Amino acid sequence: MNIAIDVMGGDYAPEAVVDGILLAISNLAPEETILAVGPADTINKLLAERAYTGSQIRVINADDVIEMGEHPTRALSQKPNSSIGVGFALLKEGKADIFASAGNTGAMMVGSLFSLKTIEGIQRPAIAGFIPQTDGSHSVMLDIGANADCKPEMLEQWAVLGSVYAAATRGIERPRVGLLNIGEEEQKGSILTQATHALLKANDKLNFVGNLEGKDVFRGKADVIVTDGFTGNIVLKMGESIYNIMKEQGMVNEFVDRTNYENYGGSPIIGINGNVIIAHGASSPTAIMNMIKLCQNIVKSKVSQKIKAAFENN
């Protein structure tokens, strides 16, 4: 397994990314390799300063960097030798099994759509987030920000994507799917949620459990939570803010601690012809380490291939 990591992505790159990679090394199998993508001189210097002498980190040179504020499409076209551009090239050429970055989210989305393309039959890919549950598990929520304006058919497809993902990565036989709404009754909600409810209810490939209200999001009532990207992004960041507020006030709570993004490492883009992870821009070494663990799980589960097979069989 070759895991490509954008060493220049994130607010604290490259130091935090290199430190995170080194934390993850002990969790790698002998046949697993980290492809550290970025300026070779910079990466090799950091590895030497940290006295790394192993063989499971392979440095892949990329001279340019796409900064956080750059226009995604323009930056990718003008900087093909950026760490993100080279990372996608490795993925497209089959030299990497997965590519992960804490860098420019827009560039990661654009690179996924143009380099790997959407799986045939899927209208729009989604970004999946992980929502902790009071029973100790976590649910997959999608979309969490890639698509603010949605159609009911898109949410129905994300329900299928989330179900395949939960089944492949967590071993759940028939993942429970819930639709985030303002009431439990099926006639409640916006035009979008009412139409989506009807589609999910009629889809016999889904284990649809109905609407979930905001109070149900953390209560273990669904393994997959479906919503539009606008709402999903707000819910995810609200959870993160609660963790940060409690931390600032010196308060510790086991459940709230699990809303910390560092625990999950990143968010997979689901519905593309390949494996891509977008990590938080403020990723610490711990977050990068967990991002690499997520990469391992996704590649081993073959979730991308299973999603492709699910839509080919429709």
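The values are calculated or read from the model by the stated rules, or taken from the named source; none is laboratory data. The shown structure was predicted, so the numbers you read here are calculated from the model rather than taken from an experiment. Please note: Cβ atoms are built from the backbone with ideal geometry, for glycine as well, and neighbour counts cover all protein chains shown. In case anyone asks, the SASA skips ligands and DNA or RNA and just uses the protein heavy atoms, side chains included. Shrake-Rupley method; radii C 1.70, N 1.55, O 1.52, S 1.80 Å.
When 303, 209 are compared by accessible surface with a 1.4 Å probe, the order from highest to lowest is 209, 303. Ordered by solvent-accessible area of protein heavy atoms (1.4 Å probe), largest first, the residues 197, 280 come out as 280, 197. Values of log10 I(q)/I(0) for the stretch 1-148 across q = 0.10, 0.20 Å⁻¹ run -0.38, -1.27, by the Debye formula with one identical scatterer at each alpha carbon and no solvent. Taking packing as the residue-averaged number of other Cβ atoms within 10 angstrom, the listed peptides 294-301, 73-80 run from highest to lowest as 294-301, 73-80.
Charge dipole (Cα centre; +1 on Lys/Arg Cβ, -1 on Asp/Glu Cβ; no other charges) of the chain amounts to roughly 580 debye. Between the C-alpha center of the stretch 249-312 and that of the stretch 117-178 there is a gap of 13 Å. Normalising the Debye intensity of the stretch 235-283 to I(0), with uniform scatterers on Cα atoms only, and taking log10 at q = 0.19, 0.23, 0.33 Å⁻¹ returns -0.67, -0.86, -1.24.
Hey, can you find the accessible area per residue of the stretch 1-113 for me, probe 1.4 Å, expressed in square angstrom?
I get 43 Å² per residue for the stretch 1-113.
If you take every residue apart from residue 231 with its C-beta less than 12 Å away from the C-beta of residue 231, what net charge results, scoring Lys and Arg +1 and Asp and Glu -1?
-2
Where the eigenvalues come from the Cα gyration tensor of the stretch 53-130, what are the semi-axes √(5λ) of the equivalent ellipsoid, largest first, in whole Å? Walk me through the intermediate numbers first.
Details: eigenvalues 93, 58, 31 Å².
Those come to 22, 17, 13 Å.
Pairs of Cα atoms nearer than 8 Å and 6+ residues apart set the relative contact order; for the chain it is 23 percent.
Give the value in nm², to one decimal: projected area of the alpha carbon convex hull of the stretch 5-47, averaged over all directions.
Numbers: hull surface 11.6 nm².
Spelled out: convex hull of the Cα atoms, projected over all directions, averaged, 2.9 nm².
So if we plug the beta-carbon distance of residue 311 and residue 67 into 1/(1 + (r/R0)^6) with R0 = 45 Å, what FRET efficiency do we get, rounded to 0.05? Approximately 0.80, to the nearest 0.05.
Quick one: accessible area per residue over the stretch 174-221, 1.4 Å probe, rounded to a whole number of Å²?
55
Within the shell of other residues whose beta carbon sits under 12 angstrom from the beta carbon of residue 154, the net charge comes to -3, with Lys and Arg scored +1 and Asp and Glu -1.
For the residue pairs 215/237; 151/205; 188/215; 117/237, the alpha carbons lie more than 24 Å apart in 117/237. Annotation note: GluC sites (Glu not before Pro) in the stretch 120-183 located in DSSP loop regions with a Cβ neighbour count of at most 12 within 10 Å are 120, 173.
In the stretch 1-87, the inverse of the mean reciprocal separation of distinct Cα atoms equals 13.3 Å; this is its Kirkwood hydrodynamic radius.
Placing +1 at every Lys and Arg Cβ and -1 at every Asp and Glu Cβ, with all other atoms neutral, what dipole size does the stretch 65-201 have around its Cα centre, in debye to the nearest 20?
Using only the charged Cβ atoms, the result is roughly 300 debye.
Taking the longest Cα principal axis of the chain as reference, the axis of helix 15-24 is set at about 80 degrees.
In terms of overall dimensions, the C-alpha atoms belonging to the chain reach 61, 48, 37 Å along their principal axes, ordered largest to smallest.
Computing Rg and the Kirkwood Rh from the Cα coordinates of the stretch 217-314 gives a ratio, Rg/Rh, of 1.01. Here the ratio of the Cα radius of gyration of the stretch 163-280 to 2.2 N^0.38 Å is 1.17.
For the stretch 159-225, applying the loop criterion from DSSP together with a ceiling of 14 other beta carbons within 10 Å to the chymotrypsin sites (Phe, Trp or Tyr not before Pro) yields no site.
At 1.4 Å probe size, with the rest of the protein present, what percent of the exposed accessible area of the stretch 1-123 is carbon and sulfur atoms?
Heavy-atom surface of the stretch 1-123 belonging to carbon and sulfur, 1.4 Å probe: 49 percent.
Since only 166, 179, 246 are under comparison, the one whose Cα sits farthest along the positive direction of the charge dipole of the chain, derived from C-beta charges on Lys, Arg, Asp and Glu, is 166. Accessible surface comparison of 53, 227, probe 1.4 Å, protein chains only, largest first: the order is 53, 227. Residue 149 sits with roughly 140 Å² accessible to a 1.4 Å probe, with DNA, RNA and ligands left out of the calculation.
Summing charges over all other residues whose Cβ lies under 15 Å from the Cβ of residue 299, with Lys and Arg as +1 and Asp and Glu as -1, gives +3.
For residue 25, put the label point 7 Å out on the Cα→Cβ axis and report which residues of the stretch 288-308 keep their amide N under 13 Å from it. Backbone N within reach: none found. Computed extension gain for residue 114 through residue 93, at 0.36 nm per residue and net of the alpha carbon distance, reaches 6.2 nm.
Averaged over residues, the count of other Cβ atoms within 10 Å places the peptides 244-252, 183-191 in the sequence 183-191, 244-252, highest first. The heavy atoms of residue 243 present about 40 square angstrom of accessible area, all protein chains included, probe 1.4 Å. Residue-normalised convex hull volume from the C-alpha trace of the stretch 87-233: 121 Å³ per residue. Taking 0.36 nm per residue of separation and subtracting the Cα-Cα distance, full extension of the segment from residue 247 to residue 215 would add 9.3 nm.
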